[in-house]
Protein chains: 2
Amino acid sequence: MKKTVRSEIDGIPERLRSFGVRPLTHRVDVYRYLIEQNNHPTADMIHNDLVKILPSLSKTTVYNVLNHLCEKGAVHRVNVEQHEARYDAMIHDHVHFKCRLCGKVYDLDEIPFPTIDPPTDYSIEIVQVIIGGICPDCQTG
Amino acid sequence: MKKTVRSEIDGIPERLRSFGVRPLTHRVDVYRYLIEQNNHPTADMIHNDLVKILPSLSKTTVYNVLNHLCEKGAVHRVNVEQHEARYDAMIHDHVHFKCRLCGKVYDLDEIPFPTIDPPTDYSIEIVQVIIGGICPDCQTG
DNA sequence: AATTAACTTTGAAATCACTACAAAAAAAAG
DNA sequence: CTTTTTTTTGTAGTGATTTCAAAGTTAATT
């Protein structure tokens, strides 16, 4: 009986290949983590969690993989704050909400993404919409 | 004849007071710089320019002043990139455009700011809209 | 004006995210 | 299976921002 590893059944390698990314093990691990957690983690959070399962994983590799995934367009970097980059595997246009109290970043998939029409002599590549405020969990009263 | 200093005629101290900011000299200097340049500078750019006129100005003071102005709402921090914070004294809602080639940040005052309606259990404090792309000056052809 | 209290400024040192680099390891090509 | 290319790793470096404590200013009170 043939041994089946997880990456063969969850389709992650194929998704990476569709972005022109060779599905090496650490790339698959980081990408799967981003998709499953859907948490907009920092590079540090990713490393902290994955190193428990992959003790040899270095932080440099996490940065390398994230930079590669961003270059290939498989992952987006979200600039919700000035010090730390956060990463998002949901690459369709959607509004981000950052809670000032708990710090969590939400995908607001349920509301429409605004249409922005800059003057024609500007050419758009990406549009980021980030709301800052208080999330439902942190409301008082 | 009474000596008149610049800050008495340009109304900067009053504008600062209206935000609950005591108009100390360095605060006035940094705030006036932001308003006059309207350039979305980094803390480093501000210090570099102002230290020519105010040789004793330390970089720490620039950071202190910027943090204070942001806390009081007189100035907004714009997160156009993950490494450096940029500062903007134009605090009305407007779209920002960051050119990938020359790095300049433009205020797109001429286009409408989108209306974003998050689910009612989220409370909005600020909305940032940042477009990435190529500016008119950097277009080829 | 003199005294005291509160706030600011300063510069050096520390912090923290991220990058550069070069050697070791792994994967792909021949 | 050998060679070439690509990845991984750890260490050391970089650069923006913060911390800290001493010195300097400003404001509040006699």
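Filter the stretch A:82-110 for residues that are among the aliphatic types (A, V, I, L, M) and touching a Leu at 6+ places or on another chain (Cβ under 6 Å) and give the result. Spell out the reasoning first.
Residues of the stretch A:82-110 that are among the aliphatic types (A, V, I, L, M), as a first pass: A:85, A:89-91, A:95, A:101, A:105, A:108.
Residues satisfying the conditions are A:Ala89, A:Val95.
Identify all residues within the stretch A:97-108 that are within 16 Å of DNA strand C (Cβ to nearest atom) and either small (Gly, Ala, Ser) or modelled with pLDDT of 95 or more (or both); write none if there are none.
From the stretch A:97-108, those within 16 Å of DNA strand C (Cβ to nearest atom) are A:98, A:103, A:105; that's our starting set.
Scanning the stretch A:97-108 gives a single hit, A:Gly103.
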Subset of the stretch B:105-117 [open to solvent by 20 Å² or more (accessible area, probe 1.4 Å) and in contact (Cβ under 8 Å) with a residue 40 or more places away in the chain] | B:Asp107
Qualifying residue in the stretch A:74-87 (condition: open to solvent by 30 Å² or more (accessible area, probe 1.4 Å), closer than 25 Å to B:His96 by Cα and more than 15 Å from DNA strand C (Cβ to nearest atom)) = no
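For A:Cys99, state whether it is under 30 Å from B:Pro41 (Cα atoms), out of contact with any helix residue (DSSP H, G or I) (no Cβ under 9 Å at 6 or more places or on another chain) and open to solvent by less than 40 Å² (accessible area, probe 1.4 Å). Write out each step before concluding.
Details: under 30 Å from B:Pro41 (Cα atoms): yes; out of contact with any helix residue (DSSP H, G or I) (no Cβ under 9 Å at 6 or more places or on another chain): no; open to solvent by less than 40 Å² (accessible area, probe 1.4 Å): yes.
Answer is no for this residue.
Going residue by residue through the stretch A:118-125, is there one that turns out to be crowded, with 18+ Cβ neighbours inside 10 Å and among the aliphatic types (A, V, I, L, M)? Break it down into steps so the answer makes sense when it comes.
Of the residues in the stretch A:118-125, the ones crowded, with 18+ Cβ neighbours inside 10 Å are A:118, A:122.
In the following step, the residues that additionally are among the aliphatic types (A, V, I, L, M) were identified as none.
No: the stretch A:118-125 contains no residue that is crowded, with 18+ Cβ neighbours inside 10 Å and among the aliphatic types (A, V, I, L, M).
Pull up the stretch B:66-94, narrow it to residues that are among the basic types (Lys, Arg) and within 13 Å of DNA strand D (Cβ to nearest atom), then point me to the one that is farthest from B:Ile126 (Cα to Cα). Give the steps one after another, and end with the answer.
From the stretch B:66-94, those among the basic types (Lys, Arg) are B:72, B:77, B:86; that's our starting set.
Keeping just the survivors that are within 13 Å of DNA strand D (Cβ to nearest atom) gives B:77, B:86.
Details: B:Arg77: 11, B:Arg86: 16 Å.
Looking at the filtered set, the residue picked out is B:Arg86.
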B:Ile111 vs. criteria part of a strand (DSSP E or B), within 7 Å of another protein chain (Cβ to nearest Cβ) and out of contact with any helix residue (DSSP H, G or I) (no Cβ under 6 Å at 6 or more places or on another chain) | no
Only one of these conditions is not met by A:Cys70: (1) within 26 Å of B:Ala85 (Cα to Cα); (2) near DNA strand C (Cβ under 9 Å from one of its atoms); (3) modelled with pLDDT of 95 or more. Which number is it?
-> (2)
Are there any pairs, at least 6 apart or on different chains, whose C-beta atoms fall under 7 Å, with the first in the stretch B:127-140 and more than 7 Å from chain A (Cβ to nearest Cβ) and the second open to solvent by less than 10 Å² (accessible area, probe 1.4 Å), and if so, which?
-> B:Cys138/B:Cys99
Look at B:Gly20 and say whether it is closer than 29 Å to B:Ile131 by Cβ, surrounded by fewer than 13 Cβ atoms within 10 Å (Cβ to Cβ) and touching a residue at least 24 places away in the same chain (Cβ under 8 Å).
-> no
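Taking the criterion of being within 14 Å of chain A (Cβ to nearest Cβ) and more than 10 Å from DNA strand C (Cβ to nearest atom), would at least one residue in the stretch B:45-61 satisfy it?
First, the residues of the stretch B:45-61 that are within 14 Å of chain A (Cβ to nearest Cβ): none.
No: zero hits.
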If you take the residues in the stretch B:21-41 that are among the hydrophobic types (A, V, I, L, M, F, W, C) and within 12 Å of DNA strand D (Cβ to nearest atom), which one is nearest to the other protein chains (Cβ to nearest Cβ)?
-> B:Val21
What number of residues within the stretch A:42-65 are within 15 Å of the chain's Cα centre (by Cα), near DNA strand D (Cβ under 9 Å from one of its atoms) and open to solvent by 40 Å² or more (accessible area, probe 1.4 Å)?
-> 2
Does the stretch B:99-111 include one or more residues that are under 21 Å from the mean Cα position of the chain (by Cα) and closer than 30 Å to A:Pro136 by Cα?
-> no
Could you list, in sequence order, all residues of the stretch A:63-95 that are within 13 Å of another protein chain (Cβ to nearest Cβ), under 19 Å from A:Glu36 (Cβ atoms), assigned to a strand (DSSP E or B) and of a type outside the set (Lys, Arg)?
-> A:His76, A:Val78, A:Tyr87
Might you check whether a residue that is polar (S, T, N, Q), modelled with pLDDT of 95 or more and in a helix (DSSP H, G or I) occurs anywhere in the stretch B:5-18?
-> yes
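The values are calculated or read from the model by the stated rules, or taken from the named source; none is laboratory data. Not measured: the values here are computed from a predicted model. Using ideal geometry, Cβ is built from the backbone for each residue, glycine included, and neighbour counts are taken over all protein chains shown. Heads up: the accessible areas ignore ligands, DNA and RNA and are worked out on the full protein's heavy atoms, side chains in. Shrake-Rupley method; radii C 1.70, N 1.55, O 1.52, S 1.80 Å.
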